[in-house]
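The values are calculated or read from the model by the stated rules, or taken from the named source; none is laboratory data. Here the structure is a predicted model, which is why all the values come from computation and not from measurement. Just so you know, the surface numbers come from the protein's heavy atoms only, side chains and all, with ligands and any DNA or RNA stripped out. Shrake-Rupley method; radii C 1.70, N 1.55, O 1.52, S 1.80 Å.
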Amino acid sequence: QVELVESGGGLVQAGGALRISCAASRNIFSIYIMGWYRQAPGKQRELVATVLPGGSTNYADSIEGRFTISRDSAKNTVNLQMNSLKPEDTAVYFCNARYHSGVVYWGQGTQVTVSS
């Protein structure tokens, strides 16, 4: 079992930047996929970005090159650098960890609010 704790959310103006982090309670080296999802009010949770142990990344089309996900196995963290933020990026952002077995864990989420 792994606990995931997100941090770094907050309020930022459109066009600004924010970095959110996810700290895992144990070594993430064995975790297959780590990623970020988000859920806006009244909408379904959606994929933002994922990263594999070797560093391969995948992003939602809506991100359009504005976000960068990174994985630090030495610190057991996964970070999401968000640039050129838009009001439509406003959501609760959740950290996700998926093991090879298929077991999935979620963090509690961190609120990101982008004002226009």
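Which one is least open to solvent (accessible area, probe 1.4 Å), of the residues in the range 7-47 that are charged (D, E, K, R) and within 20 Å of ASN58 (Cα to Cα)? Out of the qualifying residues, it is ARG38.
Would you check if there is a residue in the range 60-69 being within 15 Å of LEU4 (Cα to Cα) and open to solvent by less than 50 Å² (accessible area, probe 1.4 Å)? Within the range 60-69 (the criterion being within 15 Å of LEU4 (Cα to Cα) and open to solvent by less than 50 Å² (accessible area, probe 1.4 Å)), the answer is no, since none of the residues qualifies. Checked across the range 84-91, the condition of being modelled with pLDDT of 95 or more, open to solvent by 60 Å² or more (accessible area, probe 1.4 Å) and part of a strand (DSSP E or B) holds for no residue.
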